[in-house]
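Working notes for the structure below.
The values are calculated or read from the model by the stated rules, or taken from the named source; none is laboratory data. The model shown is predicted, which means the values in this text are computed figures rather than measured ones. Using ideal geometry, Cβ is built from the backbone for each residue, glycine included, and neighbour counts are taken over all protein chains shown. With ligands, DNA and RNA removed, areas are computed over all heavy atoms of the protein, side chains included. Shrake-Rupley method; radii C 1.70, N 1.55, O 1.52, S 1.80 Å.
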Amino acid sequence: MKFSTISNIGKVRSENQDYYGNLDLENYSFFIVADGMGGYNGGEIASKLAAKYYLEYIKNSNIKDFSSIIDLQEEALQSANDKIFSLSKSYEEYANMGTTAVCVCIDYEKKSYHITHIGDSRCYIYSDKKLQLITRDHSLVNDLIDSGSLTEDEAENFANKSTITRAVGVGSKIRPDSRSLDMKDSDIMLMVTDGLTNEVSDVEIEAIIANNSTADKISSSLVDLAIKNGGHDNITVTTILI
């Protein structure tokens, strides 16, 4: 397994509120990418703490005590949520801060992936020369599509397209979504913030992966294209080659 993470402030923002991290254990590799939100530097703190406490919880846990890796990931994310939410309640300048998170465990023992996410940071898998979006954004626009209030075509021009409905740190409990998938040889996994996906289409992502062979080149090419297309937000890309 080889991986590369590149995080860029973009062309508009004054600070980078994205954060990321990874942890290798004996039979597992854990990754997290987070995109913070909140006034002052609250978003930057929220994303950093989410990554820090998520990985610390896993590092200090006995994996065999959990019924599944998914349970471990969700509890680790809840632990991070508890600390961020407590901080936001204790200091006025951090009120309402929060962060998205997309978490991946590569399970070498079972040859599988375990994905947990909350918000609109995404996970993709490129397998058999095709790109597949593994997560579904927790967003207002998707909620309206699911309820039948909005069509897919109408969603393209929806005014509040970037509004998310779930995040880490904004309440006492989180509602992540999780899934596990079988691993295939030569799979390529992407973990990205919306600074990439708001600027670069899935078709463009697929083309860049198809035309580059290393994790670093894929990550850098995606970030470069997002900046070229506007760079309106922070951009973070983790590319994992199996």
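Brief remarks follow.
Residue-wise test of (1) of a type in the set (G, A, S); (2) open to solvent by 50 Å² or more (accessible area, probe 1.4 Å); (3) under 23 Å from N8 (Cα atoms).
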position: I145; (1), (2), (3): no, no, no
position: E154; (1), (2), (3): no, yes, no
position: N160; (1), (2), (3): no, yes, no
position: I164; (1), (2), (3): no, no, yes
position: A167; (1), (2), (3): yes, no, yes
position: S186; (1), (2), (3): yes, yes, no
position: E199; (1), (2), (3): no, no, yes
position: S219; (1), (2), (3): yes, no, yes
position: A226; (1), (2), (3): yes, no, yes
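- For the range 22-35, the set of residues classified as in a strand (DSSP E or B) and more than 11 Å from the chain's Cα centre (by Cα) consists of N22, L23, D24, Y28, S29, F30, listed by residue number.
- Pairs linking a residue in the range 66-90 that is over 17 Å from T100 (Cβ atoms) and among the small types (G, A, S) to a residue that is open to solvent by 50 Å² or more (accessible area, probe 1.4 Å) and not in a helix (DSSP H, G or I), with Cβ atoms under 9 Å and 6 or more positions apart or on different chains, are S68/S180.
- Flag if Y124 is more than 30 Å from S201 (Cβ to Cβ), touching a residue at least 12 places away in the same chain (Cβ under 8 Å), surrounded by fewer than 24 Cβ atoms within 10 Å (Cβ to Cβ) and not polar (S, T, N, Q): no
- Only residues that are aromatic (F, W, Y) and farther than 22 Å from I134 by Cβ were counted across the range 93-108, and they come to 1.
- Condition broken by L190, with the remaining ones in (1) farther than 30 Å from I84 by Cβ; (2) hydrophobic (A, V, I, L, M, F, W, C); (3) touching a residue at least 24 places away in the same chain (Cβ under 8 Å) satisfied: (1)
- Among the numbered conditions (1) open to solvent by less than 30 Å² (accessible area, probe 1.4 Å); (2) over 18 Å from the mean Cα position of the chain (by Cα), the only one that A215 does not meet is (2).
- Selection count, the range 1-21, where residues are of a type in the set (G, A, S) and in a strand (DSSP E or B): 3
- Note on the range 79-101: residues that are of a type outside the set (G, A, S), crowded, with 17+ Cβ neighbours inside 10 Å and within 20 Å of D120 (Cβ to Cβ) total 6.
- The set of residues from the range 201-212 being out of contact with any Phe, Trp or Tyr (no Cβ under 9 Å at 6 or more places or on another chain) and open to solvent by less than 30 Å² (accessible area, probe 1.4 Å) comprises just one member, I208.
- Filter result (farther than 21 Å from V104 by Cβ and either among the charged types (D, E, K, R) or surrounded by fewer than 19 Cβ atoms within 10 Å (Cβ to Cβ) (or both)) within the range 228-242: K228, N229, G230, H232, D233
- Those residues of the range 1-21 which are within 16 Å of the chain's Cα centre (by Cα) and either closer than 13 Å to T238 by Cα or crowded, with 24+ Cβ neighbours inside 10 Å (or both), in sequence order: F3, S4, T5, I6, S7, N8, Q17, D18, Y19, Y20, G21
- Looking only at residues of the range 43-65 that are in a helix (DSSP H, G or I), over 19 Å from V104 (Cβ atoms) and free of Cβ contacts under 8 Å to residues at least 24 places away in the same chain, we find that the one that is most open to solvent (accessible area, probe 1.4 Å) is K64.
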